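What follows is a short report on a single structure.
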Amino acid sequence: MALNWVMLDAIRNPVPIQDETTITTVDAECTLIVPNASSASSPTSGASGHSKMKESGTIHLTDKRLIFTTRSSGSAKLSFESLTIPLESILSSKFEQPFFGSNYLVLGIRPSVGGGLTHGTVLEIRSLNTGLFSFVGVLEKTRERAIYMKRRSLDDEENLPAYSSGAAGGSSHLDDMPPGYDS
């Protein structure tokens, strides 16, 4: 997962990577909670040693990544402009339904090396104009498929070569028999 690393086109849509397809987009408000932020004196940093960044924008779910991009705001200073999370880096998800307030999704994520975030980073997603429940279902299915495909590609790479029996190994069929057995 990386902060502000998404390549955007002229209308602020993410540029897809090789063989990537967009599944759905959702207008959302994202709150990124980063523990042990380096700027402890920042006004957004809490007493518990974490930094909270909140922005509104669009979530783009692809078959490989969850991408958040903010709306262009002109001269206003944004706490972050974009966020990209490979689907395999989503460690946990929890759909929260509070008594008061809107439903939201909490994602525990594994940060990428050099991505600007730390371990224990959490992303809260609140939908702005539609229900979030159907998006959660699509996200979970897409994430499961991405993990399955990643494991399958790793298994294909780690397969051992096929062994063949015969004289090429230097022993005959009779030499392979246990003691006391005749052919």
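We did not get these values from a lab; they are worked out from the coordinates using the rules stated. Since we're looking at a predicted model, the values are computed, not measured. Don't worry about glycine lacking a Cβ; one is built from the backbone with ideal geometry, like all the others, and counts go over all protein chains shown.
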For Thr121, residues with placed amide H under 5 Å, excluding near neighbours = Ile109
Within-11-Å neighbourhood charge of Thr62 [Cβ basis; K, R +1; D, E -1] = -1
